[in-house]
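Student: Here it is: the structure, laid out below.
The values are calculated or read from the model by the stated rules, or taken from the named source; none is laboratory data. Predicted model only: the values in this text are computed from it and were never measured. Positions of Cβ are generated from backbone atoms using ideal geometry, with glycine treated the same way; all protein chains shown enter the neighbour counts. The accessibility values were calculated without ligands, DNA or RNA, using every heavy atom of the protein model including side chains. Shrake-Rupley method; radii C 1.70, N 1.55, O 1.52, S 1.80 Å.
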Amino acid sequence: MKKLFYGLVGAAMLSSYSAHSLATPVDLGLSLVIDVSGSVSTSEYNLQMDGYANAFRDAGIQSNILGGTNGAIGVNVVFFDSNFYTTSLSTYSILNSAASINTFANALDTFVRPGSGGTSIYTGTNEAVRLMLAAVANDTIETTNLVIDVSGDGTSNASLDQAARNNAFANNITINGLPIGSSTITNYYTNNVITSDGFAINASTFNDFSGAVRTKLNVETGGQVPEPGTLMLLGLGLTGLAFARKK
């Protein structure tokens, strides 16, 4: 009986270890939170998705992803308007090879827009936090470097956006922003959306989005946060590109 007891205990311990070992060590857990509200036209949505896809195809960003300690990142996508949308991209993908990165890029490039409504940034942020914490707790990804990347062209309820931001920060998650449009949008993101350890890079128009995304993902996947005076060198000639760090 004693042998059976120890055998059962050992089996339970092995099972627990095996379950935990399923976690994939990654250098970054990244959630792309993308605005699909009604102010974003079909052509502008396509520019957003093309911008993200082309950024992941960028040789420098792929080198960052594959050159880290673990040579991998975990990434998912949360679409939002007045609500968030659960899609096939909500699940974390492990990018640990050029092939897996390009497959993810192709999925972004061809993804059908899930909706079009009002703008509630906090709904996307809160869902991204929930999915990110679940991915860590459920041993989908193993990392303490957690980043939410919010892009959009509008504002929403400031107090609710601040609450979502504060919840992320309390859970050791950084929020960076990619506001699209005027300095008013950038200021809103700086004051209400990004965390105190985050940064925002502005794209003046959706036509500037691709270069801004490339600059931002370069930083998030391992590059250095640029100083305002040197950002243009990293911005691939963008016009109207602005940088802000939350104070």
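Student: Largest first, how would E220, E142, E44 line up by accessible area (1.4 Å probe)?
Tutor: E142, E44, E220
Student: Also: All other residues with a Cβ under 14 Å from the Cβ of N157 taken together, and with Lys, Arg as +1 and Asp, Glu as -1, what is their net charge?
Tutor: Here the charged neighbours net out to -1.
Student: Whole-Å semi-axes of the stretch 32-150's equivalent ellipsoid, largest first, each the root of 5 times a Cα gyration tensor eigenvalue?
Tutor: Numbers: eigenvalues 114, 67, 22 Å².
Each semi-axis is √(5λ); the values are 24, 18, 10 Å.
Student: Oh, and also: May I ask for the net charge around L95, where only other residues with Cβ less than 14 Å from the Cβ of L95 are counted and Lys, Arg are +1 while Asp, Glu are -1? Don't jump to the answer; show the numbers that get you there.
Tutor: Working: positive: R57; negative: D27, D58, E220.
The answer is -2.
Student: Oh, and also: Using a cut-off of 13 Å between beta-carbons, work out the net charge of the residues near V26 (Lys and Arg +1, Asp and Glu -1, V26 not included).
Tutor: Combined, the nearby Lys, Arg, Asp and Glu give -4.
Student: Give me the tail of P(r) for the stretch 96-146 as a percent: Cα-Cα pairs with distance above 15 Å.
Tutor: Numbers: 865 of 1275 pairs.
Beyond 15 Å sits 68 percent of the P(r) for the stretch 96-146.
Student: Using a 1.4 Å probe, what is the accessible area per residue for the stretch 83-184, in Å²?
Tutor: Per residue, the stretch 83-184 has an accessible area of 42 Å².
Student: To two decimal places, what compactness ratio does the stretch 152-220 give when its Cα radius of gyration is scaled by 2.2 N^0.38 Å?
Tutor: So the Cα radius of gyration is 1.08 times the expected 2.2 N^0.38 Å.
Student: Test of understanding: extend the Cα→C-beta vector of A23 to 7 Å, then name every residue of the stretch 114-156 with backbone N under 15 Å from that spot.
Tutor: Only 132-146 fall inside the zone, counting backbone N under 15 Å.
Student: Given the convex hull of the Cα atoms of the stretch 102-187, what is a quarter of its surface area in nm²? Walk me through the numbers before you get to the answer.
Tutor: On the way: hull surface 28.0 nm².
With every direction weighted equally, the projected area is 7.0 nm².
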